[in-house]
1. So what is the relative contact order of the chain, in percent, for Cα pairs below 8 Å that sit 6 or more residues apart?
2. Find the accessible area per residue for the stretch 257-345; the probe is 1.4 Å, ligands and nucleic acids are left out, and the unit is Å².
3. What list of whole percents do you get for P(r) of the stretch 165-215, with Cα-Cα distances grouped in 10 Å bins up to the one holding the largest distance?
4. Indicate the gyration tensor shape class of the stretch 1-133 (rounded, prolate or oblate), computed on the Cα atoms with a ≥ b ≥ c the square roots of the eigenvalues: a/c under 1.5 is rounded; otherwise a/b larger than b/c is prolate and the rest oblate.
5. With a Förster radius of 30 Å, plug the Cβ-Cβ distance of Glu245 and Ala225 into 1/(1 + (r/R0)^6) and report the FRET value to the nearest 0.05.
6. How big is the dipole moment of the stretch 87-197 about its Cα centre under a simple scheme where the beta carbon of each Lys and Arg is +1, that of each Asp and Glu is -1, and everything else is neutral? Debye, nearest 20, please.
7. Could you please state how large a percent of the accessible area of the chain is carbon and sulfur, counting protein chains only and using a 1.4 Å probe?
8. Just to confirm my numbers, what's the Cα centroid distance between the stretch 209-252 and the stretch 269-331 in Å?
Amino acid sequence: MRILYVVGTRPNLVKTAPVIGALRARLPDAGHAIVHTGQHYDRQMSAVFFEELGMPEPDHMLEVGSGSHAQQTARVIERLEPVLLDEEPDLVLVPGDVNSTMAATVTATKLGIAVGHIESGLRSFDRTMPEELNRIVADHLGDHLFLHSDEAEENLRAEGIPEARMHFVGNTMIDTLVALEGRFRELGTATRLGAEPGGYLLVTLHRPALVDGPLLGETIERLGAVAAEIPVLFPVHPRTRKMMEGIAAANLAGLTLTEPLGYLDFLSLIADAGGVLTDSGGIQEETTYLGVPCFTLRDNTERPVTVRAGTNTLLGLDPAAIATIPQQLGSRDAGRPEPPPLWDGRAAERLADVVAGLG
Ligand code: UD1
């Protein structure tokens, strides 16, 4: 059996690393090859993650880089096809919901190669999100769907996807977190950056709906006001950094901005945060697992399980709502809730069981 893993972005690496580890252990005689599309290419967005996650070096680099959705997607399709023809895998595994995921799914299925989708079944029901379109393609074309939460099953069933394709294995991103917990708990990254553990708001923003238009300036202004009550630590994604070039330095003065951080440092900052403000998907999950209050600056979430767990609050796509965070933090119950079903550090093992059974 030959298995080919296609990764492209920072969160893809976090979701796939434990799967590669589990499958190499379960099927040592199988072929395992990694393709990196190069959707993310900066050292801090990619290479650092390979190192920290102990991932083997990619066997193929497609170097697609940045571009419009069509350009990025087209480059992956065009450059992946010859790799698949050459490698002749029996199974292509794709994680998440980024352009690389969708492009790899289309390329492999058109060649008649089976595709397994890691983190299947999430839906925001918002078709203006590129990730929602990517998920729908991966779930409808994919042959083996590895469900990440119980609500995923209902979503897929409602779209007429046959039960036989679904495998509820759990959340592989949490596998990585569990595996790294001993290491990141010892780092004290907040202290190193001059913040007091438990006493700061950690911020990440990168979605086009928020950062590519006027909402970004308003968000920064609101964050500046909140920083008077609780220090704000903000590692800035490259997309956001680019869009922030037009913002006056005075408006950024109260915020502690950093470059994108490695995963261990970032998990250390989440674990020690008083609260987190984000528009990311994965961070809604990590805060839920760690029991840290999360405020999501979006109108919807494809991860309602995190809201039900009580850790995640949807603020809406409304920068004005940022002003309510200090008060909401004050009234939060402390404590780590029970994680959602199968977010237990063993999702990749269950996934490997399924793949081994395909034989
Ligand atoms: C992508 C995913 C998003 C995911 C996010 C995680 C899609 C449609 N979006 O968004 O779902 O949550 O990754 O971070 O696939 N850039 C760099 N260096 C890099 C990577 C990007 O400078 O290593 C800059 C480029 O200027 C680029 C911009 O960031 O134009 C956006 O990168 P892109 O890959 O298009 O999407 P993300 O916003 O990262």
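1. Relative contact order of the chain: 17 percent.
2. Spelled out: the 1.4 Å probe surface of the stretch 257-345, per residue, equals 33 Å².
3. Taking all Cα pairs of the stretch 165-215, the binned fractions are 17, 25, 33, 21, 3 percent.
4. rounded
5. So, using R0 = 30 Å, E works out to roughly 0.85.
6. Roughly 260 debye, rounded to the nearest 20.
7. Roughly 51 percent, rounded to a whole number.
8. With the stretch 209-252 and the stretch 269-331 each reduced to a Cα centre, they are spaced 17 Å.
The values are calculated or read from the model by the stated rules, or taken from the named source; none is laboratory data. Note that the structure is a prediction, hence the values are computed from the model and not measured. Here Cβ is always computed from backbone atoms with ideal geometry, including for glycine, and neighbour counts include all displayed protein chains. Accessible surface is based on the protein model in full, side chains and every heavy atom, while ligands, DNA and RNA are left aside. Shrake-Rupley method; radii C 1.70, N 1.55, O 1.52, S 1.80 Å.
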